[in-house]
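K.L.:
Quick one: this structure, given as structure tokens, is what I'll be asking you about.
The values are calculated or read from the model by the stated rules, or taken from the named source; none is laboratory data. Computed from a predicted structure; not experimentally measured. All Cβ positions, even for glycine, are placed from backbone atoms using ideal geometry, and neighbour counts span all protein chains on display. We work out accessible area using only protein heavy atoms, side chains counted, and drop any ligands, DNA or RNA first. Shrake-Rupley method; radii C 1.70, N 1.55, O 1.52, S 1.80 Å.
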Amino acid sequence: MTSPRRRDIWETATAVTLAMFALLIVVTFRDYGVTVDEKHSNAGGRHFIDWYASGFRDRAIIDDGNHRLYGSFFNAISASVADHSPLGLYETGHLVIAVASFVGVLFAYRLGKRLGGPLAGFFSALLLLLTPVYYGHSFLNPKDIPFAALFMISLYYLIAAYDRLPRLGAKWTAILGAAIGLTLGIRVGGVILFGYLVLLIGFWLVARYRNDSANLRRAIRADLIAAAVSCFGVGLVAWVVMLLWWPYGQVSPILNPLRALKRNANFTDFDAPTLYKGQYLPSDSLPWDYLPTWFSITLPEFYGFILSVGISTLLVRKLFKRGTSEKLDPHLQSKLLFLIFATCFPVATAMAMQPILYDGNRHFLFVVPPLAVLTGVTLAWLLAKGLPRTLRFVTASVVLVVGALTAVDMVRLHPYEYAFFNRSFGGLRSALGRYETDYWGASHKEGIDWLISHYKPNAPKGSIRVANTAADFQTSYYLDSRSPATQRFTPVAKKDHPDVMLSITRYNVHLRHPGKVLHVVERVGTPLLYVIEINPGAGSAIGR
């Protein structure tokens, strides 16, 4: 950060925005419930620690379940922090996830500022924070948010390294290699960053020799060799860093990462049907438009509006103001084209290859930060010099209104921001029965809170058996505490004849457990979880 006297007004605005996000993290991280994948991630972190603590003899990280398919960088940090935290296990995890999200927002700002100045940086951070699918996952997603944050960091250092091509030098080779290696240390899918590096070099060569074809032969002989050496150095550093956090890779440093990459590309651990447009379809044969549809209905409308205005403005300038239009620096042009590619390529690849998909677009959250940067840079250009004054006012007004409405919707959905659907689609209410809503069961916490506060407060100890239709730990975690308020409850599996069942709406499982509906956890008139009394006689020795 620059000194306060020299700091641009938009740098100050960004600092205030980040401070507000940090305050929201501290104030609200306890509001979020435990999600389905958190137990798996915590176990992976514990297994990783045991792998090193046992001198590589404890092989649970490799042999237990599918932990071997993932790096343990974030999981290990989260588990280590939890060991020393006065907070609960999953509350600590939520705080650590939110910190990772904060870092992602910070680097979105840095990349936006590098490409378009402080105003672009401010918009990049602000738009990302106003993206509910990112903000909501920032407190409860131990897999996709850390990956998205590190992917954003890697993109930042890739574009920063562009200015040092073709010879990166030891410092930047180490920095970029470490960033990519840590990304791989979460998910092997980060291997596409190597391809991005090669593409970036291609963009650099085109920009440098666009008007200097006479020296093209020298570029091939000198610059390509230097760039290849840089690529090799980055790849070597990245691979070593990745292996430090991936025991499965340590066993076979080349073959096992390739095996994991192949397995993740054809992930078969999830064989349940996927709800899409009101129909349950096999997750391995979804239509090509599954992912773009999810993005179109869950991203705020300002993305489409800003990018559409930006593209239209460029076309108008190209067609009607060709002689007077400003010339864009070829290297900045290359960086922007690279950012566009990095944003669109993963989605386009998924549309073409149609891999196994589920849980909406959460596996592609890593494209949201660069999309926010691209949109932020576009908006800054439009408001600074891309549009006439009247159109600037109209554009700013539309973005302000849409952003404010999105913020209102996020407040109304809290703490289920990740279940946001935009107003153009019809909001969360229109998604019920057509698309997944609270597919991770974060609403179990609120259901348990209601149960503790309202259901048979004088019942005998252990007399009320409670289960849920998702993962058992999502309710047992809150009922296993030593608090006197929970002692009348006994957490059980759903097959063990519970007295009270908590049911989310995924797969319509709430319809499979007849009984009296005691309470409904809902947002904007849309049910997320039902608290159902199956055995009215539970705890009846004392009564309600």
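K.L.:
For segment 43-130, report the accessible area per residue in Å² (1.4 Å probe, heavy atoms, rounded to an integer).
P.N.:
Here the residues of segment 43-130 average 37 Å² of exposed surface.
K.L.:
Residue by residue through segment 417-426, what is 3J(HN,Hα) from phi via Karplus (6.51 cos²θ - 1.76 cosθ + 1.60, θ = phi - 60°)? Round to whole Hz and write x for glycine and proline.
P.N.:
Whole-Hz 3J(HN,Hα) from phi for segment 417-426: 4, 5, 8, 5, 10, 6, 5, 4, 7, x.
K.L.:
Treating the angle as unsigned and between 0 and 90°, give the value, to the nearest 10°, between the Cα long axis of helix 444-454 and the longest Cα principal axis of the chain.
P.N.:
On a 0 to 90 degree scale, this one is about 30.
K.L.:
Using Cα pairs closer than 8 Å and at least 6 residues apart in sequence, work out the relative contact order for the chain, in percent.
P.N.:
Value for the chain: 17 percent.
K.L.:
Per-residue counts of other Cβ atoms within 10 Å, averaged by peptide: what ranking do you get for 162-172, 191-201, 43-53, highest first?
P.N.:
43-53, 191-201, 162-172
K.L.:
Sticking with this one: Compute the length gained on full extension between Ala493 and His414: take 0.36 nm times their separation in residues and subtract their Cα-Cα distance, giving the result in nm to one decimal.
P.N.:
Extra length from Ala493 to His414 when fully extended: 25.6 nm.
K.L.:
Pairs Lys39/Lys171; Lys113/Lys143; Lys39/Lys335; Lys262/Lys445; Lys262/Lys494: which are spaced more than 31 Å apart, C-alpha to C-alpha?
P.N.:
Lys39/Lys171; Lys39/Lys335; Lys262/Lys445; Lys262/Lys494
K.L.:
Given only helices, namely DSSP H runs of n ≥ 4 each adding -39500 (n - 2.57), what is the per-residue ellipticity at 222 nm of the chain, to the nearest 500 deg cm²/dmol?
P.N.:
Estimated from H runs of four or more residues: -18000 deg cm²/dmol.
K.L.:
Would you work out the Kirkwood radius for segment 267-407? I mean one over the mean of 1/r across all pairs of different Cα atoms, in Å.
P.N.:
The answer is 17.4 Å.
K.L.:
Starting from the coordinates of the alpha-carbon atoms of segment 452-544, obtain the Kirkwood hydrodynamic radius over all distinct pairs and give the value in Å to one decimal.
P.N.:
Across segment 452-544, the inverse of the average 1/r is 13.4 Å.
K.L.:
Okay, next question. Using only the Cα atoms of segment 477-524, what are the Rg and Dmax in Å?
P.N.:
12.7, 35
K.L.:
Of all beta bridges DSSP finds with both residues in the chain, what is the antiparallel percent, to the nearest 5?
P.N.:
Bridges in the chain that DSSP calls antiparallel: roughly 75 percent.
K.L.:
Residue separation times 0.36 nm, minus the C-alpha to C-alpha distance between Ser252 and Asp472: what's the value?
P.N.:
Between Ser252 and Asp472, full extension yields an extra 75.7 nm.
K.L.:
Another one. Enter the angle in degrees (range 0 to 90, nearest 10) between the Cα long axis of helix 9-28 and the first principal axis of the Cα atoms of the chain, meaning the one along which they spread out most.
P.N.:
20 degrees
K.L.:
Report the label-to-label distance for Ser85 and Arg30 in nanometres (one decimal), using points 7 Å from each Cα along the Cα→Cβ vector.
P.N.:
1.3 nm
K.L.:
In the chain, carbon and sulfur make up what percent of the accessible area (probe 1.4 Å)?
P.N.:
Taking all protein chains in place, the chain shows 63 percent carbon and sulfur surface.
K.L.:
List the residues whose amide H sits under 5 Å from the amide H of Arg523, counting only those 5 or more places along or on another chain, with H placed 1.01 Å from N in the peptide plane.
P.N.:
Long-range HN contacts for Arg523: Leu528.
K.L.:
Placing unit charges on C-beta atoms (Lys and Arg positive, Asp and Glu negative, everything else neutral), compute the dipole magnitude of segment 3-160 about its Cα centre in debye, rounded to 20.
P.N.:
Computed about the Cα centre, the dipole is about 600 debye.
K.L.:
Using only Cα atoms and rounding to the nearest 10 degrees, what angle (0 to 90) does helix 224-244 make with the longest principal axis of the chain?
P.N.:
20 degrees
K.L.:
Measure out, as a whole number of angstrom, how far apart the alpha-carbon centroids of segment 463-497 and segment 29-46 sit.
P.N.:
17 Å
K.L.:
Subtract the Cα-Cα distance of Thr12 and Lys318 from 0.36 nm times their separation in residues, and report this length gain in nm to one decimal.
P.N.:
106.7 nm
K.L.:
Now for a separate question. Per 10 Å bin from zero, what fraction in whole % of the C-alpha pairs of segment 1-118 is there, up to the bin with the longest pair?
P.N.:
Going out from 0 Å in 10 Å bins, segment 1-118 shows 12, 32, 25, 20, 9, 1 percent.
K.L.:
How large is the translational diffusion coefficient of segment 21-64 in µm² per second when you combine the Kirkwood radius over alpha carbon pairs with Stokes-Einstein at 4 °C and 1.567 mPa s?
P.N.:
Using the Kirkwood radius from Cα pairs, D works out to 104 µm²/s.
K.L.:
Report which label in [x] 26.7; [y] 28.5; [z] 33.5 holds the value of mean projected area of the Cα convex hull in nm² derived from the coordinates of this structure.
P.N.:
Working out mean projected area of the Cα convex hull in nm² from the coordinates points to [y].
K.L.:
So for the pair Thr390, Asn458, with labels modelled 7 Å out along Cα→Cβ, what separation do we get in nm?
P.N.:
Result for the modelled spin labels: 7.4 nm.
K.L.:
Also, quick follow-up: Once each part is reduced to its C-alpha centroid, what is the distance from segment 331-370 to segment 55-130 in angstrom?
P.N.:
Segment 331-370 and segment 55-130 have Cα centres spaced 20 Å from each other.
K.L.:
Which FRET efficiency value, to the nearest 0.05, is calculated for Phe425 and Arg57 with the Förster distance at 51 angstrom and r the Cβ-Cβ distance?
P.N.:
0.45
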